[in-house]
Amino acid sequence: MSVLRKDFLWGGAVAANQLEGAWDVDGKGESVPDHCTTGSAKTPKRVTATIEPGTLYPSHEAIDFYHHYEEDIALFAEMGFKVFRTSINWTRIFPTGMESEPNEAGLAFYDRVFDCCKKHGIEPLVTISHYELPYALVEKYNGWEGRELIGYYMNYCKAIFERYQDKVKYWLTFNEINAGTMAFGALLSTGTVKGFTGYTNEIPDKPQERFQALHHQFVASAMAVKYAHEHYPQFKMGNMDCFITSYPMTCNPDDILLNQAKMREMNWYCSDVQVRGEYPAFSKSIWKKHGVTLKMEPGDLELLKEGTVDFYTFSYYMSNCVSADMSKETTAGNLAGGAKNPYLATSDWGWQIDPKGLRWTLNEIYDRYRIPLMVVENGLGAYDKKEADGSINDDYRIDYLRAHIEQMIGAVEDGVDLMGYTPWGCIDLVSASTGEMAKRYGFIYVEKYDDGSGDLSRKKKKSFDWYKKVIASNGDDLA
């Protein structure tokens, strides 16, 4: 008998800018990803100020979910999805982010998507802003550094809340909002890259801009949650963090303290604000370390208190270690790497595989906040090989997901209130970090390649039927 709740939300997760394509169709404006070129694990993508003729921008077509959504959602339904985590492209609704009235063609597209989900008995879980800031807001305001974005974000929220009030119950205000605590987040999350046209791994770090932008995102999130609670009491509003689990490399007290500081800055700083409604006591030490002085308006702190989320969601892919010894071997990771853990295997991209870390993480989060949790991203990016008969035998993905689901169930047995699980990239899509298609996560293979070729046909991988069985048994049958 499954220990998971009977209404457990099994499903999968994607982001609009990584799969929709149709980047300039039906009035859509340009977003930051539309200015990102293709890249690879070895060659970083570029961000260009203008769209260069003859240059490949993978988000422009992606996997063309815009024209394949019915086929794709039918495949999700065949697997038994209870929930589909997706996002809305801000620039489909407000092409520059600054319009007074929404774009009807954009609104109508998501009507069709959510109606299709409902037809198949799938609950949409919608991320309002998932790494797709309107490019015009970067050019004019340096992204979220400009406080003006709070008002534009609220215009956007009000439009989609009103339109989809009977179609969407679960909302997340920002994707991996804590990316803003890291230099890399300036491009993905805060949009504080005005005038920058270089490589993503060479972004000049400006902590003052990033942390100021984060404050504006916190206020915007709180305002959206408060507004939703007041006007649409049926909504459930959540946050979303990229949880970068880390362990002290040794029992050396220097490693212990260094890891505590890293966990606080990377994982607890943002969620303390969104769940507890206030900046944690250690915030001042973080601001001092980075030379940051936040500008706050009267009423900001009160708003943070009034706009706390109903449930906590996060991505979990890996863990790493923290060491005061700078000579230790390091490893790559999702947004952040660290010292290599000798007890763990690694993925094709060098990410350490740590299923037990998910159990530890779930327990830590639930002990701290005591609100329902949901794992909304987890998965294995890998080079999938097609066999001579066309099959894709991704047993490595099944092994990865099985091990993580086992530990997730263990956390529930520990007492964690877990709502659901949506593995990342349930259908192959463009990688946010590298801009490549070769890094595949899906249960569904898409004929699309890094050079832009491919007929976009869909094919089930071996993991498709395995996950279907897992959902049907509510996690009891993981064989």
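Miscellaneous remarks
- Lone qualifier among K28, K82, K6 - being modelled with pLDDT of 95 or more, of a type in the set (K, R) and under 21 Å from the mean Cα position of the chain (by Cα): K82
- Residues that are under 20 Å from E30 (Cβ atoms) and either free of Cβ contacts under 8 Å to residues at least 60 places away in the same chain or among the charged types (D, E, K, R) (or both), drawn from the stretch 40-64: K45, R46, T50, I51, E52, P53, G54, T55, Y57, H60, E61, D64
This table checks each residue for (1) within 23 Å of Y131 (Cα to Cα); (2) surrounded by 22 or more Cβ atoms within 10 Å (Cβ to Cβ); (3) modelled with pLDDT under 95.
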{"residue": "W171", "(1), (2), (3)": "yes, yes, no"}
{"residue": "P207", "(1), (2), (3)": "yes, no, no"}
{"residue": "M223", "(1), (2), (3)": "yes, no, no"}
{"residue": "K226", "(1), (2), (3)": "yes, no, no"}
{"residue": "M240", "(1), (2), (3)": "yes, yes, no"}
{"residue": "C251", "(1), (2), (3)": "no, no, no"}
{"residue": "M266", "(1), (2), (3)": "yes, no, no"}
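- Inter-residue pairs, beta-carbon under 7 Å, first more than 21 Å from D384 (Cβ to Cβ) and in the stretch 345-364, second surrounded by fewer than 15 Cβ atoms within 10 Å (Cβ to Cβ), 6+ apart: N363/D414
- When residues of the stretch 180-205 are limited to those that are within 21 Å of H130 (Cβ to Cβ) and hydroxyl-bearing (S, T, Y), the one surrounded by the fewest Cβ atoms within 10 Å (Cβ to Cβ): T200
- Selection status of Y449, of a type in the set (F, W, Y) and either in contact with a strand residue (DSSP E or B) (Cβ under 9 Å, 6 or more places away or on another chain) or within 18 Å of T313 (Cα to Cα) (or both): no
- Within the stretch 234-260, considering residues that are assigned to a loop (DSSP other than H, G, I, E, B) and within 25 Å of the chain's Cα centre (by Cα), the one nearest to M374 (Cα to Cα): F243
- Hits in the stretch 31-58 - residues which are part of a loop (DSSP other than H, G, I, E, B) and within 26 Å of Y441 (Cα to Cα): T37, T38, G39, S40, A41, K42, T43, P44, K45, T55, L56, Y57
- Any chance P33 is surrounded by fewer than 21 Cβ atoms within 10 Å (Cβ to Cβ) and farther than 22 Å from Y170 by Cα: no
- Within the set T190, T181, the sole residue that is in contact with a Gly (Cβ under 6 Å, 6 or more places away or on another chain) and modelled with pLDDT of 95 or more turns out to be T190.
- Residues of the stretch 125-139 that turn out to be under 23 Å from K82 (Cβ atoms) and buried (at least 24 other Cβ atoms within 10 Å of the Cβ), as a count: 3
- Qualifying residue in the stretch 346-357 (condition: surrounded by fewer than 23 Cβ atoms within 10 Å (Cβ to Cβ), basic (K, R) and assigned to a loop (DSSP other than H, G, I, E, B)): no
- Some residue of the stretch 405-424 being touching a strand residue (DSSP E or B) at 6+ places or on another chain (Cβ under 7 Å), part of a loop (DSSP other than H, G, I, E, B), at pLDDT below 95 and under 30 Å from P44 (Cβ atoms): no
The values are calculated or read from the model by the stated rules, or taken from the named source; none is laboratory data. Every value quoted in this text rests on a predicted model; they were computed, and no experiment measured them. A quick note on method: Cβ atoms are made from the backbone with ideal geometry, for glycine too, and the neighbour counts reach across all protein chains shown.
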